[in-house]
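The values are calculated or read from the model by the stated rules, or taken from the named source; none is laboratory data. Here the structure is a predicted model, which means the values were calculated and not measured. Every residue, glycine as well, gets a Cβ built from its backbone with ideal geometry; the counts of neighbours run over all protein chains shown.
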Amino acid sequence: MPVSAGPRGAADQPSLAGRVALVTGASRGLGAAIALGLAARGAAVAVNYHASRARAEEVVRAIEDEGGKAVALPADVADPDACAELVAGTIANLGGLDVLVNNAGITKDSLIYQQEPADWLAVMRVNFGGVVNCTRAAMGTMLRQRSGSIVNISSVMGIRGWVGESPYAASKAAINAFTRCTAVEAARFGVRANAVLPGFAATDLVAGLTTKNGGRGILRQIPAKSFAGPEDVANVVAFLAGPGAAYMTGSLVTVDGGASAVLGVGAPLG
Amino acid sequence: MSDNNYLPAVQDAVVEALGLETEEVTPDSTLTGDLGAESIDLLDILFRIERATGAKIQASDLADHIQGGIPDAEFGTDDDMVSDLGLAHLQAVMPQIHIADLVGKLPADEVISLFTVRNLADMVTRFAPLGSG
């Protein structure tokens, strides 16, 4: 085995050079950070958006300003036909599809007792349906070329409970199960599927939680005592997308500052 | 029984997808019966054939080919056996079967178990791009 150089910063290596990535819901927040992170590692990126065209084009410009290649493509991931067109558009514009990041997500927080059926259904259609629709749309290409990496953005909510988060948490738990099954079905074809489970990241999606009382209530429950930055999650996504994770599939990777590991933050019991 | 240019490519695809030895996969081996192929194996086999020959066959094409477009109600009898009409069609796509032995005895959902490597190669000739093979 040849001796290799020691570990280097991921950003120093164009680990995704020549690859094409599609990131759903990439006009802002975590999705935008993921798109930028993949582009920084050499990938050409399709920046999917639903309604925020101007913001998606800003992400594209930011990538192009750094010498990268990107295109903004619209699609409502809850619509299977739109996802098929999104994948076809990615291939037509960027010449292939190697990495799919299923990031698009919404939340409609409410107590179960007070919930409207339309609320959980809307969350399920976008969060879980989007993963299913885009995965199905991409799978033909990936299975045929016998390579590809799918990274689903789940959440620690999918493995823990939180008051008012039942639609979102259930949709993420469904993503976790779907990720495992995708991995099992696709592995023999050289296609990998993993999920990233962020804890509390400072994005618009959970701003109501992370900014309430300065976020102190939540920070007390996170061993790292800080929220994740979008780039903290994006770095893990880029790793899973790339060759460094070649033997990882079916993994659910928490990126939560220890939040899901903790029973309680306290003093030594002895 | 016809031979065809695609038989080696189909055998290779089956060997690789199922992780078998070359000598285990004969033209007359049945895919799901003798070789134990499952649905995901068939998908793998079809993708490998597509890559090797250009013949783009969907899993649904396989079912359509075997049933020949005959409606379910006419392909099967009331007790879910393959009808005489169905058997006559199966004889065309699977020439090795002896339909006289199968009248009233072949469950409609077990037809695929008679489909051989050679039958698949014959199917590939229909789906391959013109001028290939």
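In the stretch A:87-116, the residues that are within 30 Å of A:GLY148 (Cα to Cα) reach residues that are aromatic (Phe, Trp, Tyr) with C-beta atoms within less than 8 angstrom, at least six apart or across chains, in these pairs: A:GLY105/A:TYR168; A:THR107/A:TYR168. Checked against the criterion of being within 17 Å of the chain's Cα centre (by Cα), part of a helix (DSSP H, G or I) and either within 14 Å of another protein chain (Cβ to nearest Cβ) or not polar (S, T, N, Q) (or both), the stretch A:112-120 has no qualifying residue. Considering A:MET157, A:MET124, the condition of being free of Cβ contacts under 8 Å to residues at least 40 places away in the same chain and within 19 Å of A:GLY25 (Cβ to Cβ) is satisfied by A:MET157 alone. Taking the stated definitions as given, is A:THR135 at pLDDT below 95, surrounded by 19 or more Cβ atoms within 10 Å (Cβ to Cβ) and either closer than 29 Å to A:ARG188 by Cβ or not hydrophobic (A, V, I, L, M, F, W, C) (or both)? No; evaluated as a whole, the condition is false for this residue. Only residues that are in contact with a helix residue (DSSP H, G or I) (Cβ under 8 Å, 6 or more places away or on another chain) and assigned to a helix (DSSP H, G or I) were counted across the stretch B:98-125, and they come to 13. Of all residues assigned to the stretch A:83-94, none qualifies as being within 14 Å of chain B (Cβ to nearest Cβ), farther than 22 Å from A:PRO167 by Cβ, among the β-branched types (Val, Ile, Thr) and assigned to a helix (DSSP H, G or I). Being modelled with pLDDT of 95 or more, more than 17 Å from B:LEU106 (Cα to Cα) and within 14 Å of another protein chain (Cβ to nearest Cβ) holds for only one residue in B:ASP28, B:ASP44, and it is B:ASP44.
Of the residues making up the stretch A:147-163, just one is more than 14 Å from every other protein chain (Cβ to nearest Cβ), in a loop (DSSP other than H, G, I, E, B) and under 22 Å from A:VAL45 (Cβ atoms), namely A:SER154.
The residues on offer are B:ALA52, B:ALA37, and the sole one that is modelled with pLDDT of 95 or more, assigned to a helix (DSSP H, G or I), farther than 15 Å from B:ASP122 by Cβ and within 14 Å of chain A (Cβ to nearest Cβ) is B:ALA52. If you go through the stretch A:167-174 one residue at a time, do you hit one that is surrounded by fewer than 24 Cβ atoms within 10 Å (Cβ to Cβ), under 23 Å from A:ALA238 (Cα atoms) and within 14 Å of chain B (Cβ to nearest Cβ)? The answer is no; no qualifying residue exists. Just one of the listed residues (A:ARG180, A:ARG188) is within 14 Å of chain B (Cβ to nearest Cβ) and surrounded by fewer than 20 Cβ atoms within 10 Å (Cβ to Cβ), namely A:ARG188. Among the numbered criteria (1) at pLDDT below 90; (2) touching a Gly at 6+ places or on another chain (Cβ under 8 Å), which one does A:ALA183 miss? Of the numbered conditions (1) at pLDDT below 90; (2) touching a Gly at 6+ places or on another chain (Cβ under 8 Å), the odd one out for A:ALA183 is (1). For the stretch B:36-61, filtering for residues that are free of Cβ contacts under 8 Å to residues at least 60 places away in the same chain, surrounded by 15 or more Cβ atoms within 10 Å (Cβ to Cβ) and under 23 Å from B:GLN96 (Cβ atoms) leaves 4. Among residues of the stretch A:237-250 being assigned to a loop (DSSP other than H, G, I, E, B) and touching a residue at least 60 places away in the same chain (Cβ under 8 Å), the one that is nearest to A:LEU36 (Cα to Cα) is A:GLY242. The set of residues in the stretch B:16-35 that are buried (at least 18 other Cβ atoms within 10 Å of the Cβ) and farther than 28 Å from B:HIS98 by Cβ contains only B:ALA17. Is at least one residue of the stretch A:133-146 basic (Lys, Arg) and more than 14 Å from chain B (Cβ to nearest Cβ)? No - not one qualifying residue is present in the stretch A:133-146.
Here A:ARG188 meets the list (1) in a helix (DSSP H, G or I); (2) over 20 Å from the mean Cα position of the chain (by Cα); (3) modelled with pLDDT under 90 almost entirely, failing just condition (3).
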